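First the structure, in the form of structure tokens, and then the observations on it.
The values are calculated or read from the model by the stated rules, or taken from the named source; none is laboratory data. If you're wondering where the values come from, they're calculated on a predicted model, not measured in any experiment. Cβ: placed from backbone, ideal geometry, glycine included. Neighbour counts: every protein chain shown.
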Amino acid sequence: NQGGVNKSGINWFPGHMAKARREISERMKVIDIVIELVDSRAPYSSKNPMLNDIINQKPRLIVLTKKDMSDDEKTKQWVHYYESIGYQAMSVNLKNFNEYQKIIEKCRKVLKPKMDKEKARGIKPRAIRAMVLGIPNVGKSTFINKLANRKATVTGNKPGVTKAQQIIRVAKDFELFDTPGVLWPKFEDEHIARNIALLGSIKQDILPLDDLFVYVMTYLTKYYPDLLKERYGLEIDLDDSDWLLKAFDHIAQKRKIKLLRGETDYDRVIQLVFSEIYDGSIGKVTWEDYTCVKD
Ligand code: GDP
């Protein structure tokens, strides 16, 4: 793994990765369950490639965040997919408070056999201890801050975990590390890097933005033509060799983007469309299908 740089300002070099890995492994000793956050718009690409090695056999709950921004049907399929390969999984909108109780409830359920066993062996009942893990921008700080009842993010997106970590009691029977484990995204695979780029949070200059734009327009035309119609009044015929230029002109006119030296301002159109993809105003889109998973 050669590491990489992302917009969050992290340089993921092998040294950082090794450190993150070491610190997270250290924490594993005292936790009962890992809550792995992934982005529901790309539930495979936003997973860390080495998590299985790092957390070994610990019980794990995969939480697909930002379900308010992704395709409901696809999200359901992804949850089923992860369940079908033996994980606990659920999807949430972390901006909605009710979701947190559901997550805690699910952790309790996963750990009930373990807790019952401890009880049967005469061990005093204790709180479940969880840790939140994930690549940058999947919602880790939102999650922890909400449960810890605090406003500001204390962690930032530093590789690994911060030193002054505390365990916070969230419920009588549920405790959480107050800093998340920050993991690196997959850098190797071009498709994955592209999907991560489409989430808008981690910039990877894997493709020039205009190539990414062509990809996005083609993808949306194939899978979400209604969104293009609703958002931009745009219908694309991919068999028309001029479809791209026509799409640019159409969006520019529709959104009243000023001409640049008498021509459509392509950069402004690209920026507009990407900002609407990143903030979700384009509509609910998922960028990958569970059938893409190779390993
Ligand atoms: P972290 O880097 O993993 O700690 O991610 P953050 O908690 O900082 O979240 C990144 C961004 O995603 C923030 O702007 C959050 O408000 C937003 N966010 C997190 N979860 C959700 C969600 O479920 N839905 C939506 N719409 N936004 C979310």
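Listed values, structure above:
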item	result
Single residue of the stretch 51-74 satisfying the filter (surrounded by fewer than 21 Cβ atoms within 10 Å (Cβ to Cβ) and of a type in the set (S, T, N, Q)) that is farthest from the ligand (Cβ to nearest atom)	Gln57
All positions within the stretch 245-263 that are part of a loop (DSSP other than H, G, I, E, B), of a type outside the set (A, V, I, L, M) and more than 16 Å from Met217 (Cβ to Cβ)	Lys256, Lys258, Arg261, Gly262
Residue satisfying condition, being polar (S, T, N, Q), within 20 Å of Ile54 (Cβ to Cβ) and within 16 Å of the ligand (Cβ to nearest atom), within set Asn145, Asn137	Asn137
Residue in the stretch 190-207 that is part of a loop (DSSP other than H, G, I, E, B), among the charged types (D, E, K, R) and surrounded by 16 or more Cβ atoms within 10 Å (Cβ to Cβ) present	no
Members of the stretch 6-65 found to be of a type in the set (Ser, Thr, Tyr) and under 17 Å from the mean Cα position of the chain (by Cα), listed by number	Ser8, Ser40, Tyr44, Ser45, Ser46, Thr65
Qualifying residue in the stretch 236-244 (condition: assigned to a loop (DSSP other than H, G, I, E, B), among the hydroxyl-bearing types (Ser, Thr, Tyr), within 20 Å of Met69 (Cα to Cα) and more than 20 Å from the chain's Cα centre (by Cα))	no
Qualifying positions in the stretch 264-295 - away from the ligand (no atom under 16 Å from the Cβ), outside any helix (DSSP H, G or I) and modelled with pLDDT of 95 or more	Thr264, Asp265, Glu288, Asp289
Criterion violated by Ile55 - all others in (1) modelled with pLDDT of 90 or more; (2) of a type in the set (A, V, I, L, M, F, W, C); (3) farther than 26 Å from Tyr224 by Cα satisfied	(1)
Qualifying positions in the stretch 77-97 - among the polar types (S, T, N, Q) and not in a helix (DSSP H, G or I)	Gln88, Ser91, Asn93, Asn96
Count of residues meeting criterion [out of contact with any helix residue (DSSP H, G or I) (no Cβ under 7 Å at 6 or more places or on another chain) and either in a helix (DSSP H, G or I) or of a type in the set (Gly, Ala, Ser) (or both)] in the stretch 217-230	8
Residues within the stretch 92-108 that are under 18 Å from Lys58 (Cα atoms) and modelled with pLDDT under 95, tallied	0
Matching option when the condition is modelled with pLDDT of 95 or more, over 30 Å from Ala193 (Cα atoms) and either assigned by TED's automatic domain parsing to the domain that holds Pro14 or surrounded by 17 or more Cβ atoms within 10 Å (Cβ to Cβ) (or both), among Arg129, Arg150, Arg169	Arg129
